[in-house]
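Student: The structure under discussion is supplied below as structure tokens; questions concerning it will follow.
The values are calculated or read from the model by the stated rules, or taken from the named source; none is laboratory data. Nothing here was measured: the structure is a model prediction, and the numbers come from that model. Every residue, glycine as well, gets a Cβ built from its backbone with ideal geometry; the counts of neighbours run over all protein chains shown.
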Amino acid sequence: MNPQKHERAAAASGADRVWSEFMAALNGLAPDMRAAFVLHEIFETGYDDIARLIGLPAETCRRHVEQARGYTLDRMRPLCHKAEGAAS
């Protein structure tokens, strides 16, 4: 395999690994927490709108987003540390 193809294959497998870890983190969340997190963090939906969409108080949605963010960061942090170690 030529070096450019090898680099593209390595990048693709790295991206697949990151995506798989992120999906595993999302799947580890309760459905209402996952919905609040994705709506707020990805789609920049406000808490009042999230509350209306999923049927929970806005304050609960805010707490769900904070908890989901912490959980997801904790799940992804080891992967990021592995990448930092490989780059050194």
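Student: Could you please find all residues in the stretch 1-40 being outside any helix (DSSP H, G or I), modelled with pLDDT of 95 or more and either touching a Lys or Arg at 6+ places or on another chain (Cβ under 9 Å) or farther than 20 Å from residue 56 by Cα (or both)?
Tutor: Matches in the stretch 1-40: 28 only.
Student: Restricting attention to the stretch 53-70, and to residues there that are under 13 Å from the mean Cα position of the chain (by Cα) and crowded, with 18+ Cβ neighbours inside 10 Å, which single residue is nearest to residue 29 (Cα to Cα)?
Tutor: 68
Student: Among all residue pairs at least 6 apart or on different chains, which show Cβ distances below 6 Å where the first residue, located in the stretch 29-52, is in contact (Cβ under 8 Å) with a residue 24 or more places away in the chain and the second is of a type in the set (Val, Ile, Thr) and surrounded by 13 or more Cβ atoms within 10 Å (Cβ to Cβ)?
Tutor: Between residues of the stretch 29-52 that are in contact (Cβ under 8 Å) with a residue 24 or more places away in the chain and residues that are of a type in the set (Val, Ile, Thr) and surrounded by 13 or more Cβ atoms within 10 Å (Cβ to Cβ), the close pairs are 32/54; 36/50; 36/65; 37/65; 40/65.
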